[in-house]
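Notes for the one structure printed next.
Values in this text are rule-based calculations from the coordinates and carry no lab data. Just so you know, these numbers come straight off a predicted model, no measurement behind them. All Cβ positions, even for glycine, are placed from backbone atoms using ideal geometry, and neighbour counts span all protein chains on display.
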Amino acid sequence: MASKGWFNLEAAGGVIPETQFFEGDSAFKFLGLTRTQRLYGFVGCLIVGFVLSILGSILLFTGMLASFAILYTLGIVVSLIGTGFVIGFANQIKTMFKPVRLVATVIFLGSIGLVFVGAFVLGNEILCIVFVIIEYLAYTWYTLSYIPYARSAVLKLVGMS
């Protein structure tokens, strides 16, 4: 018997449309995961990635710059791996480099590299913080591109449109 509750995607049957986010080309399709299991995997990766990033940030403020760079970046990578549960890695790469997201993607990926440069080459905590802020803003702008009219709403909210 199917479990009951608001998060039971299997029991919803035809209520939840098969959208681009749940097409059968997930990177984990070979495991035979259900939509619910894929969603749990996605959320789990987001949580683990967030925790790793927070732990890395704590290490930054304790002066452990190299550990910060490694943990923070690992957290970002784990969060991105979570999208493989939902849309697959190939689709993620394709959508990341579409013209609407290209600038945000390049800035996001470049800022990941700059965090390592700031930590390992320059050894500058302030620059690391600046690069993390740039990374966060680029990732937010990138994410907003998946939500219809979200970028326009944000620009209007901050008075730039």
Quiz item: In what sequence, highest mean first, do 146-154, 38-46 appear when ranked by Cβ atoms within 10 angstrom?
Solution: 38-46, 146-154
Practice problem: In whole Å, largest first, what are the principal axis extents of the Cα atoms in the stretch 53-161? | Solution: 41, 36, 21
